[in-house]
Amino acid sequence: MALTFETVIGLEVHVQLSTNSKLFCPCPTDYIGREPNTFVCPVCLGLPGSLPSLNARAVQLGVKIALALGCFVSRVSRFDRKHYFYPDLPKAFQVSQLGLPLAEKGAMPIFLGGLKKTVGITRLHLEEDAGKLLHGTPDGRLSGTSFTRVDYNRAGIPLAEVVSEPDMSTPMEAREYVLSLRRIVRYLGASDGDMESGSLRVDVNVSQKCSDGRVGGRVEVKNVNSVRAMERALEYEISRQREVLLSGGQVYRETRHWDDSNGVTRGTRGKEEAQDYRYFPEPDLPPLVIDDSFIRAVEKDLPELPWEKRERFQAEWGLSSEDASTLSERLDLAEFLEGTVAHGASRGSAANWVKTEVLRILNETGLETEALPFTPRSLGALLAKVDEGSLSNTAARGVLEIMGHEGLGLEEAMRKAGIVPGGVKGDLLTEAVRGVLEGHPEETALVLSGSDSSGKKRKYLQGLVMREIRGQAPVGDVSAAIDRELDRMKGFRE
Amino acid sequence: MSREPMDAAAIASAVAGRECSAVEVVSASLERIDAQEPRLNALITVLEDQALERAAFIDGQVASGNDPGPLAGVPVVVKDNLCTRGIRTTCGSRMLENWKPPYDAAVVEKLEGAGAVIVGKSNMDEFAMGSSSEHSRFGPVSNPRDPSRVPGGSSGGSAASVAAGYVPIALGSDTGGSIRQPAAFCGVHGLKPTYGAVSRWGLIAFASSLDQVGPLSRSVVDAALTMDVISGCDPRDSTSKGGGFPRFIEGALNPYVKGTRIGIVREFREGVLEQPLAKAIEDAALALGESGCAMAEVSLEESVTFGLPCYYIISPAEASSNLARFDGTRYGLRMDAQDFVSQLLLTRGAGFGDEVKRRILTGSFVLSSGYYDAFYATALKVRKKICAEFDRAFTSADVILMPAVSSFPFKKGNFDDDPVGMYKSDLFTLPVNLAGLPGMTVFTGLERSGLPTSVQLVAPRWQDQRLIKCAAVIEKKFGRPPVACGGCI
């Protein structure tokens, strides 16, 4: 019988927390693109005599993520020192949390083609980042490294490490997990979640269970710098491990590095020996005590979570699974949508407009939602007119375009678009119809004669009227006005 | 101005009252240093120009009517493991031989803020590891009471500076007795405050959970004065706690101790001490009794039995971690090499002395997987038992009276081939660090040999004031520590 395999995947994600200062010192955190070693102080350089003091905001953000992931937040957690010698590690130990992490035992839902799956969260702990090594040569070439420099600007940046249970079994699930976690931390304002800049770093653990009872060693894959790289690394690693097992070999527990340009993982050591980090409790930091009132305060500050929004958009608003997913992806967009509804738009048209027009304008202008020249209030008011039929979709789109690109308010934009307050009706509408019919005697005659059996000519005329009145009347009203005018003309003839 | 050095309180009031200038006081201090240093080697760095400049600044403050602070013009010495901005801070090690910190230790800021003038950085056992001040890159320190003997350690340079009359006050650090043992050996007072009472910001760590900065002085009033200046919460040291302390100077000036229960430690009665030191305990007890204290007997059996092994697991463990950062990359000694690991090995090999290496090896071993539970985890449990034993003792006593040391200062070179023998000289002081308690060595007199006797007082956490009061009572009886005769010109 052919052997079958089951893949077991667990992820460790390092989330860089969006604090203004580092985890243990007042140094600023927006180090990207800065001159090396300018955002440093005795503490993050690990100078003799310096001592850490914990950043309360980092704790707050860590607790926020933990609560969003349904974790149990430890009332007492502790920092430990993890020792290893490396030039980017200023104190030769990293302050992390081993024995008593900030939070444990949570879960996060992920959605695969509309199906929901829950992935367990083992733990979330706080730790400090290390510096960065810059390899180079005197002449600027990348290969043939002749020196290494260290930049400690990143040293001491606060990280939350989120460790999942080994609950995933496909690269696609791992992908959804990472995207979902990224969505949450962005929703919470806890991190920018940007993988390319290293704000979100993923270490992958993957192993195989063989149908003959053999279990492959757990392989940790590092250096996956994008969601795509992670999927590719997993695909590669899964087939590599299966081949080893199929050929009767053994998969060793080891750490491998993803080589993105060659699309392979490489073992780092011939034989893995467990590194001894000589962990022990950090004596410079007292135990971190978190009381109920702190947790309640963070809890109060939690927004509706992305999957909750998504489910509500589907169940209560009746949006499709796809629309619900798109519109809950970004908190700013979801809030824009809900604001638009709160200001008079129907859920359906607001959803339609936000996912198409608003997103398009955001992409075109490169603005953040808060910076858009129109607000949920003005969009809501505009869409209310569409919903009540006093404005056609096309006309409203024109108005929004003017609002979005010229930065005009609703009233002004409508005026500029030639829109009449209250819409075109009564005599104005009759006049417009009459003008069109008189201007197109051939088509009008055809329609009157009854030979426009397909209704094509009549539609053509109706479109012309709509254009004439800039869409400022419901289609039904326009149609009725045309009927009335045609009847009147018939009357004249008979 | 007399040739006999004044104490800090007298200097501060004389300078503030314009009876003498800070420049005069500091000049006199520098002269004494100049004369004695060739023999004592108590200081690694003498800050002549800076000190005189600073003294002139203090005089300017006085002249312009500003409050010059409670330590106005008082020359002080700080141990060379306390960071001083722009002034080399060596820890007595080759590793930091030329390191100039970019910042001041909290206690240095506070001393200077109070008007004190730092005249020197004191010699010490390398990274504060040792009990004799012989293990220094800068050579051994001599005991001013008998230069053939060691001054104790690791704050031996600070103790010698005070005993020799360089300065009325010096700061030391105490991890297992490094203030109290040299104070006892040099015949001065030395206080190790409650763990957390004084900020460790800028104190180069030996064992973080045990280290504490404190004063050495020739008068209890000066010790109190210094404590009023240096104690208090510092947000930069998360293990420091809010004051809540009364003004120590009040306790020193009005040492009301009536009804205070003095606990005599049973285990130290039976022949473990040199006779004059045992007699010092009895005499001190009598003096306290005369002032209305009640006597009680307490037991510290576990602390005496298990304190030493417990300490020599926990302190090297923390030291191995704290000293791991010296890799030659960012500061201090760097031995050039082709790659990081070679640089690391060469630098650490050349930069650290034998005693430091011994403790790093011990500490790395007790923390390594497979040995952690047997050593480090067990030591933590023992530490808890020692704390509990002190807590029990403090149910029947308010202050414990015990020896600081079991012997007079030993001859230089005595323990060259017996590091463990040297470790044993901290037997009576290190349990106090393990329990985080305040402890104080109080001078009780000089023997005919010129060597000093002393006692140690220990109080519950945050009751440092009780030590000051009892010390003041003892001082009233036995007199203040005199400036070392061997140090007089």
Which listed residue, of B:Ser21, B:Ser64, B:Ser13, B:Ser27, is touching a helix residue (DSSP H, G or I) at 6+ places or on another chain (Cβ under 6 Å) and either under 20 Å from B:Ser219 (Cα atoms) or of a type outside the set (A, V, I, L, M) (or both): B:Ser21
Selected residue [modelled with pLDDT of 95 or more and either more than 14 Å from chain A (Cβ to nearest Cβ) or closer than 13 Å to B:Val119 by Cβ (or both)] from B:Glu24, B:Glu97: B:Glu24
Output for the range B:68-110, where each listed residue is basic (Lys, Arg), in contact (Cβ under 8 Å) with a residue 60 or more places away in the chain and either under 21 Å from B:Gly353 (Cβ atoms) or in a loop (DSSP other than H, G, I, E, B) (or both): B:Lys79, B:Arg94
Any pair with Cβ under 9 angstrom, 6 or more apart, that starts in the range B:325-338 at a residue that is more than 11 Å from A:Leu47 (Cα to Cα) and ends at one that is loosely packed, with under 15 Cβ neighbours inside 10 Å: B:Gly328/B:Asp336; B:Gly328/B:Ala337; B:Leu333/B:Asn98; B:Leu333/B:Ala350; B:Met335/B:Ser342; B:Met335/B:Gly349; B:Met335/B:Ala350
Residues of the range B:219-258 satisfying the condition of being of a type in the set (Val, Ile, Thr) and closer than 23 Å to B:Ser454 by Cβ: B:Val220, B:Val221, B:Thr226, B:Ile230, B:Ile249, B:Val257
A:Pro52 vs. criteria within 29 Å of A:Arg186 (Cβ to Cβ), buried (at least 23 other Cβ atoms within 10 Å of the Cβ) and within 14 Å of chain B (Cβ to nearest Cβ): yes
Some residue of the range B:79-93 being within 14 Å of chain A (Cβ to nearest Cβ), within 22 Å of the chain's Cα centre (by Cα) and farther than 19 Å from B:Gly157 by Cβ: yes
Residue within the range A:432-451 that is under 30 Å from A:Gly380 (Cα atoms), of a type outside the set (Asp, Glu) and out of contact with any helix residue (DSSP H, G or I) (no Cβ under 9 Å at 6 or more places or on another chain) present: no
In the range B:366-385, the residues that are among the aliphatic types (A, V, I, L, M) and within 12 Å of chain A (Cβ to nearest Cβ): B:Val366, B:Leu367, B:Ala377, B:Ala379, B:Leu380
Wholly within the range B:258-365, helices (runs of 4 or more DSSP H) carrying at least 1 residues that are more than 23 Å from B:Leu430 (Cβ to Cβ) and away from chain A (no Cβ under 14 Å): B:275-290, B:340-351
Meets criteria (more than 52 Å from the chain's Cα centre (by Cα), surrounded by 14 or more Cβ atoms within 10 Å (Cβ to Cβ), in contact (Cβ under 8 Å) with a residue 24 or more places away in the chain and outside the structural domain of A:Ala384 (by TED's automatic domain parsing)) for A:Leu486: yes
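Got a sec? Which of A:Val224, A:Val298, A:Val251, A:Val264 is hydrophobic (A, V, I, L, M, F, W, C), surrounded by 12 or more Cβ atoms within 10 Å (Cβ to Cβ) and outside the structural domain of A:Leu102 (by TED's automatic domain parsing)?
It is A:Val298.
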Residue match in the range A:361-383 (condition: under 25 Å from A:Gly463 (Cβ atoms) and in contact with a Lys or Arg (Cβ under 7 Å, 6 or more places away or on another chain)): no
Unique residue being over 28 Å from B:Lys241 (Cβ atoms) and not aliphatic (A, V, I, L, M) when the list is B:Pro438, B:Pro482, B:Pro460, B:Pro431: B:Pro482
Residues of the range B:38-66 that turn out to be crowded, with 18+ Cβ neighbours inside 10 Å and either in a helix (DSSP H, G or I) or of a type in the set (Phe, Trp, Tyr) (or both), as a count: 8
Test for B:Gly69: is it more than 23 Å from the chain's Cα centre (by Cα), on the phi > 0 side of the Ramachandran plot and surrounded by fewer than 15 Cβ atoms within 10 Å (Cβ to Cβ): no
Residues of the range B:143-153 satisfying the condition of being in contact with a Pro (Cβ under 7 Å, 6 or more places away or on another chain) and not in a strand (DSSP E or B): B:Arg145, B:Val150, B:Pro151, B:Gly152, B:Gly153
Test: residue in the range B:130-142 that is under 16 Å from the mean Cα position of the chain (by Cα) and over 27 Å from B:Ile314 (Cβ atoms): no
A:Gly318, sole failed condition from (1) part of a helix (DSSP H, G or I); (2) loosely packed, with under 13 Cβ neighbours inside 10 Å; (3) at pLDDT below 90: (1)
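Please verify whether B:Ser29 is outside any loop (DSSP other than H, G, I, E, B), surrounded by fewer than 19 Cβ atoms within 10 Å (Cβ to Cβ) and at pLDDT 95 or above, treating the condition exactly as stated.
no
Among the residues in the range B:127-136, are any within 14 Å of chain A (Cβ to nearest Cβ), of a type in the set (A, V, I, L, M) and assigned to a helix (DSSP H, G or I)?
yes
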Conditions (1) without any contact (Cβ under 8 Å) to a residue 60 or more places away in the chain; (2) within 13 Å of chain B (Cβ to nearest Cβ); (3) of a type in the set (S, T, N, Q): number failed by A:Asn37: (1)
So B:Arg325, is it touching a strand residue (DSSP E or B) at 6+ places or on another chain (Cβ under 9 Å), basic (Lys, Arg) and at pLDDT below 95: no
Subset of the range A:307-335 [within 15 Å of the chain's Cα centre (by Cα) and of a type in the set (A, V, I, L, M, F, W, C)]: A:Trp307, A:Ala324, A:Leu327, A:Leu331, A:Leu333, A:Ala334
Subset of the range B:1-15 (residues that are crowded, with 20+ Cβ neighbours inside 10 Å and over 25 Å from the mean Cα position of the chain (by Cα)): B:Val15
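Conditions tested, residue by residue: (1) among the small types (Gly, Ala, Ser); (2) surrounded by 13 or more Cβ atoms within 10 Å (Cβ to Cβ); (3) touching a residue at least 24 places away in the same chain (Cβ under 8 Å).
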site: B:Asp373; (1), (2), (3): no, no, no
site: B:Ala379; (1), (2), (3): yes, yes, yes
site: B:Lys385; (1), (2), (3): no, yes, yes
site: B:Thr395; (1), (2), (3): no, no, no
site: B:Asp398; (1), (2), (3): no, yes, yes
site: B:Ala404; (1), (2), (3): yes, yes, yes
site: B:Pro409; (1), (2), (3): no, yes, yes
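The values are calculated or read from the model by the stated rules, or taken from the named source; none is laboratory data. Here the structure is a predicted model, which means the values were calculated and not measured. A quick note on method: Cβ atoms are made from the backbone with ideal geometry, for glycine too, and the neighbour counts reach across all protein chains shown.
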